[in-house]
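Q: Let me give you the structure first, and then I'll get to my questions.
The values are calculated or read from the model by the stated rules, or taken from the named source; none is laboratory data. Remember, predicted model here, so these are calculated numbers, not experimental data. Positions of Cβ are backbone-derived with ideal geometry, glycine not excepted, and every protein chain shown enters the neighbour counts. Please note that ligands, DNA and RNA were not included when accessible areas were found on the heavy atoms of the full protein model with its side chains. Shrake-Rupley method; radii C 1.70, N 1.55, O 1.52, S 1.80 Å.
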Amino acid sequence: QVQVVESGGGSVQAGGSLRLSCTASGRTFSSSNVAWFRQAPGKEREFVSGISWSGRSTSYRDSVKGRFTISRNDAATTVTLQMSSLKLEDTAVYYCALDEVPYGQIEVAASEYNYWGQGTQVTVSS
């Protein structure tokens, strides 16, 4: 069974930075597209950023462009989301998800992803 683990969440002041990391067991991780989603209380889970299995393609929702950067290391064992200039509206539980059968594009729909982590809380305060 594939296990996905996120880390790096915490509480920061508006304008601050956090770095989230995602790892997963097995060879599935290195051949999967990987995405970050987030969900705030009372709201739908939304796509934040994604990266292709090769690391050569990335995608971001408009509200985080220029502030967040997604990457994966050379061995494809870790996916990182570097978050800067954090805003109050970034407060949410952040989830890492794997699309183990990617057909090219990075999907923005949560239903397209096969494995999910437990989530890590990000809280931004003023």
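Q: If you roll a 1.4 Å probe over the heavy atoms of the protein chains, what accessible area per residue do you get for the chain, in Å²?
A: On the way: 6540 Å² over 126 residues.
Computed with neighbouring chains in place, this is 52 Å² per residue.
Q: Gain in length, residue 67 to residue 125, computed as 0.36 nm per residue apart minus the alpha-carbon separation, to one decimal in nm? Provide the component values of the computation, followed by the final result.
A: Details: separation 58, 0.36 × 58 = 20.88 nm, distance 1.69 nm.
Length difference between fully extended and current span is 19.2 nm.
Q: Follow-up question, since we're still on this one. Show me 35-42, 24-31, 59-66 ranked by packing, highest mean number of other Cβ atoms within 10 Å first.
A: The packing order, highest mean first, is 35-42, 24-31, 59-66.
Q: Restricting things to alpha carbons, find the Rg to Rh ratio for the stretch 65-126 using the Kirkwood radius for Rh. Write down the numbers at each step before the final one.
A: Details: Rg = 13.4 Å, Rh = 13.6 Å.
With Rg and the Kirkwood Rh in hand, the quotient comes to 0.99.
Q: Separate question: Scattering from the C-alpha atoms of the stretch 1-79 alone, worked out with Debye: what is log10 I(q)/I(0) at q = 0.17 1/Å?
A: -0.75
Q: About its Cα centre, what dipole magnitude does the chain give when the only charges are +1 on Lys and Arg Cβ and -1 on Asp and Glu Cβ, stated in debye to the nearest 20? The partial results should precede the final answer.
A: Working: 11 positive and 11 negative charges, 58 e Å.
Dipole of the chain, to the nearest 20 debye: 280 debye.
Q: How much of the DSSP beta bridge set in the chain is antiparallel, as a percent to the nearest 5? Write out the running numbers ahead of the final one.
A: Values: 34 of 38 bridges.
Just about 90 percent of them are antiparallel.
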